[in-house]
Structure formats: C-alpha cells, structure tokens
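Let me begin by presenting the structure, written as structure tokens, before commenting on it.
Every number in this text was worked out from the coordinates using simple rules, so none of it is lab data. Fair warning: this is a prediction, and the values are worked out from it, not measured in the lab. Quick reminder, even Gly has a Cβ in these numbers, built from the backbone with ideal geometry, and neighbours come from all protein chains shown.
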Amino acid sequence: MISLTDDQQDALREIANLAMGEAGVNLSKVLNTYVELSIPTIHITQIDQIANFLTEVNAHLGEIISIIRLGFQGFFSGEVLLVYGPRAIETVSELLDESLHNEYQEMMLLREISNILAAACLNGITQRLDSNIIITPPSLYCHRMSITDSFNAMFAKNIINWYETLFIKISFKFENKDFQCNLIVFFSENCIEKLQQRLEKILNEF
C-alpha cells in the first residue's frame, strides 16, 4: 500500500510547486502572457478507480478535452498526462499569431506546448530529488473527445500496469484568456520507496 507521511507530502508538494513554477515561467516566455498556477495536489489511488477519479478532477476543464502523454524512465519512472480544455489550442495559436488550418497543425502545437511544460516540470522535480531521468517524446492520446470516454478508454487498455499509483496534479491558466490545462505526473508504484527515501533525505537536511 502506497503511503507518504504528512511531512513527506509537504516536501513533495513544495518540490512540485517550485518545478511547476519554472514550467510556467518557460511557457509565459514563449507565449508572452502571464501563466497562473494552482497549488499542487497529491493523490494516491488504485488503478481500477483511476478513470473515474481523473474524470472527476479534470471535470472543470469541460466535457471535451485533448490529452498528450509522455513517459519517463531512470531513477524514477512513470507517466505524464497533459489534459487540455476545449479552447486551449485556439488560445495558444492566437498568442503565437499562428493560423491553424487542420488537425495535424493543432496536434503538433499541442505536442510543442506539452513538451515545454512537461520537460520543465519533470526536470525540476527530479533535480531537486537528486536523480536523473529520460523523457520520451510527447504523443497525442486523444483530441477533442468526451472526458468520460477518454479516461475510460485509456485505462481499459491497461496503459499503466500498476496496482496503485501516486500522482501530482497542477492546473495552468492564462490570465484573462480561455486556456486551461492540467498537468498530472504519475509515479510508478515500484519507485515509491526510492521517492520516500529521497524525501526523507531532504527533510533530514533541515
């Protein structure tokens, strides 16, 4: 059974907050707009419950979403999902002053933005945990699909072969613009013990 102490959760939340802040800064430089971030939340859940759980925590994005996936391996391993609201890609294209003429261009832009966010976030977290990882290129899982259908289909295919997982979620918004994205980092259950050890090392240094 995965569990973190309150102190470990606080330490991980602060690490994630700093890393996500760096990701937000990187994105704001690219798009020349202010990026608002939520406080990271940490969740532990069994995989057979995760489709419903993710549908619930992403419900504020709207009924139609797009999802980009990345994986990471190394000292830590896991998956990253970037879940976008229905107007996100149009807002990004407007900020970049780029015209999107077809779905292929939309997908490429989603991958580009996702890579900026995920790479900055993952590198920020793992560097603070004194570890190294390799990040796989982003891939489009779904584009403009029903939120319920998306997560049900995703986990029906057993893309995550774990019994339970720990994940961190943070939301990105643009000030006064119609853009919403949730970045969700899953840690595989077989690296949780190493995560606990690194968090304890950090706590003992203070």
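With only Lys, Arg, Asp and Glu charged, each at its Cβ (+1 for the first two, -1 for the last two), find how big the charge dipole of region 113-206 is about the Cα centre; round to the nearest 20 debye.
Computed charge dipole of region 113-206: roughly 220 debye.
Quick one: putting +1 on the C-beta of Lys and Arg, -1 on the C-beta of Asp and Glu, what dipole do you get for the chain around its Cα centre, in Debye to the nearest 20?
About 280 debye.
Of the candidates Y34, Y84, Y104, which one comes out as most mobile in a Gaussian network treatment of the chain with C-alpha springs shorter than 10 Å?
Top of the fluctuation ranking is Y104.
Quick one: if you stick a label point 7 Å off each Cα along the C-beta vector at I42 and T5, how many nm between them?
1.2
Would region 25-92 count as rounded, prolate or oblate if I go by the C-alpha gyration tensor, calling it rounded below 1.5 in a/c and otherwise prolate when a/b exceeds b/c, oblate otherwise?
It comes out oblate by the Cα gyration axes.
Say each of N52 and N32 gets a label point 7 Å from the Cα, pointing the same way as Cα to Cβ; how far apart are those two points in nm?
4.8
Under 19 Å Cα-Cα from K177, which aspartates and glutamates qualify once same-chain neighbours fewer than 8 residues away are excluded?
Once the sequence-local aspartates and glutamates are set aside, what remains near K177 is E36, E63, E90, E94, D97, E98, E106.
Run the numbers on region 15-104 and let me know its relative contact order in percent, using alpha-carbon pairs under 8 Å that are six or more apart.
Relative contact order comes out at 20 percent.
Counting other Cβ atoms within 10 Å of each Cβ, which GluC sites (Glu not before Pro) in region 151-206 have at most 10 and sit in a DSSP loop? Intermediate values should be presented prior to the final figure.
On the way: sites: E164, E175, E189, E193, E200, E205; in loops: E175, E205.
For GluC sites (Glu not before Pro) across region 151-206 that sit outside H, G, I, E and B with at most 10 neighbouring Cβ atoms in 10 Å, the list reads E175, E205.
If you average the alpha carbon positions of region 94-130 and of region 37-91, how far apart do those two centres end up, in angstrom?
Centre-to-centre distance over Cα atoms comes out at 14 Å.
Explain nothing, just the number: relative contact order of the chain, from Cα pairs under 8 Å at least 6 residues apart, as a whole percent.
Values: 359 pairs, mean separation 75.2, N = 206.
Reported as a whole number, the value is 36 percent.
Only Cα pairs within less than 10 Å get springs; with that Gaussian network setup on the chain, which residue of G78, G62, G21 has the largest fluctuation?
G62
Among L27, L37, L100, whose mean-square fluctuation peaks in a Gaussian network model of the chain (Cα, cutoff 10 Å)?
L100
Looking at the square roots a ≥ b ≥ c of the eigenvalues of the Cα gyration tensor of region 155-206, which shape do they give, rounded for a/c under 1.5, prolate if a/b is larger than b/c, or oblate?
Oblate, because a/c is 1.5 or more while a/b does not exceed b/c.
Please label the shape of region 1-129 as rounded, prolate or oblate, based on the square roots a ≥ b ≥ c of the eigenvalues of the alpha-carbon gyration tensor (a/c under 1.5 means rounded; beyond that, a/b larger than b/c means prolate, else oblate).
In terms of gyration-tensor shape, prolate.
Under 18 Å from a label point 7 Å along Cα→Cβ of S139: give me every residue in region 77-101 with its amide N that close.
77-83
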